[in-house]
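Let me begin by presenting the structure, written as structure tokens, before commenting on it.
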Amino acid sequence: MMKTVRLTMGQALVRHLGALQVESADGSLVPYCAGVFTIFGHGNVAGIGEALHAEHHRAGSTLPTHRAHNEQGMALAAIGFAKANFRRRIMAACTSIGPGATNMVTAAGMAHVNRLPVLLLPGAHALAGAAGPQLYADIDTVVAERLSTGIGEFDRVLGGGVVPGSLVLI
């Protein structure tokens, strides 16, 4: 019988990133995610911040956290890491909500155009009335009305179309 482990989304993500491995050129296994650049602030301290802290202090951890000073710089450094590793390994970049997340948009565009793998983790607002991190299963979902773009593949990727008032980066 398997034991159920209850994790927040941040804890599950950090554990997953720490467990992923890829074969290097010499045949040895190395971590797929070489680390996380982050600027701790509103929106990422309570969830993923606590998970990164716990991972840092876990014995045998392979997911280091690197404190950064500029959101765009850390995202561009993550892109450079992916390019230097021939798209076989990644770095993640985690920011606070608002301007911190917006500062990564240029880097996201560059990664997309050059087809470079990078994991960008912008902070999120806490749920209304919630105290502390929430379990993913406890979050109520709302089905939003979507407008079809008329482009089948684009609608499929967007989950059925564009949500009115949303921003789609291509």
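On average, how much accessible surface per residue is there in the stretch 68-119, in Å², for a 1.4 Å probe, leaving out ligands, DNA and RNA?
Values: 2680 Å² over 52 residues.
Ligands and nucleic acids excluded, the figure is 51 Å² per residue.
Which value, in Å to one decimal place, does the Kirkwood hydrodynamic radius take for the chain when every pair of different Cα atoms is included? Spell out each step's value before the answer.
Working: mean 1/r = 0.0562 Å⁻¹.
Its Kirkwood hydrodynamic radius stands at 17.8 Å.
Test of understanding: what is the full-extension gain from residue 59 to residue 114, defined as 0.36 nm times their sequence separation minus their Cα-Cα distance? Walk me through the numbers before you get to the answer.
Numbers: separation 55, 0.36 × 55 = 19.80 nm, distance 3.63 nm.
Length difference between fully extended and current span is 16.2 nm.
Restricting to DSSP H runs of at least four residues, report the calculated mean residue ellipticity at 222 nm for the chain, -39500 (n - 2.57) per run over all residues, nearest 500 deg cm²/dmol. Walk me through the intermediate numbers first.
Details: 6 runs with 51 residues, N = 170.
Using -39500 (n - 2.57) per qualifying helix, the result is -8500 deg cm²/dmol.
Assuming R0 = 45 Å, what is the FRET efficiency of residue 83 and residue 163, from their Cβ-Cβ distance, to the nearest 0.05? Show your work: numbers first, answer last.
Details: r = 33 Å, r/R0 = 0.73.
In this case the efficiency is close to 0.85.
Rounded if a/c is under 1.5, else prolate if a/b is larger than b/c, else oblate: which is the stretch 1-48, with a ≥ b ≥ c the root eigenvalues of its Cα gyration tensor? Display every interim value, and only then the final one.
Numbers: a/c = 6.35, a/b = 1.28, b/c = 4.96.
Judged from the Cα gyration tensor, the stretch 1-48 comes out oblate (a/c at least 1.5, b/c at or above a/b).
Give the shape of the stretch 31-122 as rounded, prolate or oblate, defined through the alpha-carbon gyration tensor: a ≥ b ≥ c are the square roots of its eigenvalues, a/c under 1.5 means rounded, and otherwise the shape is prolate if a/b is larger than b/c and oblate if not. Intermediate results must be reported in sequence, preceding the final value.
Working: a/c = 2.47, a/b = 1.16, b/c = 2.13.
Oblate.
Put +1 on the Cβ of every Lys and Arg and -1 on every Asp and Glu Cβ in the chain; which of 29, 151, 165 then has its Cα farthest towards the positive end of the dipole?
About the Cα centre, the residue reaching furthest to the positive side is 29.
The values are calculated or read from the model by the stated rules, or taken from the named source; none is laboratory data. All of these numbers come straight from a predicted model, not from anything done at the bench. Glycine also receives a Cβ, built like all others from the backbone with ideal geometry; neighbour counts cover every protein chain displayed. Keep in mind that these areas ignore ligands, DNA and RNA; they rest on the heavy atoms of the full protein, side chains included. Shrake-Rupley method; radii C 1.70, N 1.55, O 1.52, S 1.80 Å.
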